[in-house]
Amino acid sequence: MSEANVRERSRHSGTIQRVSPPSRSAGATHPGYKREQNEDALWSDEDRGVWVVADGLGGHQAGEIASMTVIEEVQRSAATDRHYERALQRAHALLLGEEQNTANMGSTAVVMAEDGAYFHIYWVGDSRAYVFTPSAGGGELKQLTIDHSYVQMLVDSGAINAEEAANHPNRHVITRCIGGSTNPQLEIDRVSALWQPGQRLLLCSDGLSAEVPAEEICRILAENPDNRRAVDLLIAAALDAGGKDNITVQVVEAPTSPADGREWPFGAAHDGEGTRSSLLPGGTMTLAFSAVILLALLATLTAWLLDSL
């Protein structure tokens, strides 16, 4: 479906809400055809290198409050400490303490935080992150996150296969979310990787991933290098599949690669607990050099002590 057709259909079934025009990424959300309200939320800040998709649960205002609580806490961390695991923990605590909260009020979330040439994915629930790597044959799409869901538990146990999981009647039942329970502890999963030239990251709610096969997502990304058009066509594909849920998509390009004549912005990255871990490629050489200096100092000290005896 063309981008123009996406906009035409949106006039009859809700609007596509887009984030402000960026340079390396694009994002949009659509309520779909079946839901009266869009409980998904998205936010990005390219300057700070953070993107987030949140999928609210609970219906009506409850889901909208939950997803916006997640967004606000990620925004706060982006402007201060950049500890996104703590941001999701804060959102969890706030939702558990919300006077209007019920056991059904919560949100899934996936956050992508960039630090130089590295990116980190934090997630809870079944909102997903994929990495698309282009190739001469089109490209490869790899799912980076693992759903916190009932169906994923069945797959992990060997009870069902991936094909059965895609059509399972309980595929929307999640086992972990922000809020949505009385458990004050929230486990947040994380994966980190080094950007590769030409790659793009896709963040999405299950309104896309549960309705559009990975092969079709991969084809759309391969055939549409323009991020805005790719986002619109991914949403169109979910609408063509029935639009049974809110649909939210963000696509993020890798930073400038050496192939463009500039160096990767190598640096250090947060480890999620407030410390910083050196990820510089020369880190091993630095350690070796420090060891040599230390041995030399020890040898000098030993010689001095022997002369003093």
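Readers should treat all values here as calculations from the given coordinates under stated rules, not as data from a laboratory. Quick caveat: nothing in here was measured; it's all calculated off a predicted structure. Glycine also receives a Cβ, built like all others from the backbone with ideal geometry; neighbour counts cover every protein chain displayed.
Across the stretch 215-222, rounded Karplus estimates of 3J(HN,Hα) from the backbone phi angles (6.51 cos²θ - 1.76 cosθ + 1.60, θ = phi - 60°) give 4, 6, 4, 4, 4, 4, 5, 5 Hz, Gly and Pro being marked x. The residues packed around residue 173, meaning those with a beta-carbon under 12 Å from its beta-carbon, carry a net charge of -1 if Lys and Arg are +1 and Asp and Glu are -1. Counting other Cβ atoms within 10 Å as a rough exposure proxy, the listed residues 153, 112 run 153, 112 from fewest neighbours to most.
By the beta-carbon count within 10 Å of each Cβ, the least crowded to most crowded order of 247, 160, fewest first, is 160, 247.
In this structure the amide hydrogen of residue 195, modeled in the peptide plane, comes within under 5 Å of the amide hydrogens of 118, 119, none closer than 5 places in sequence on its chain. Each of the peptides 32-40, 205-213 was scored by the mean count of other Cβ atoms within 10 Å over its residues; in descending order, highest first, they stand as 205-213, 32-40. Close amide H pairs (under 5 Å, H built 1.01 Å from N) link residue 140 with 133, 135, residues at least 5 positions away or on another chain.
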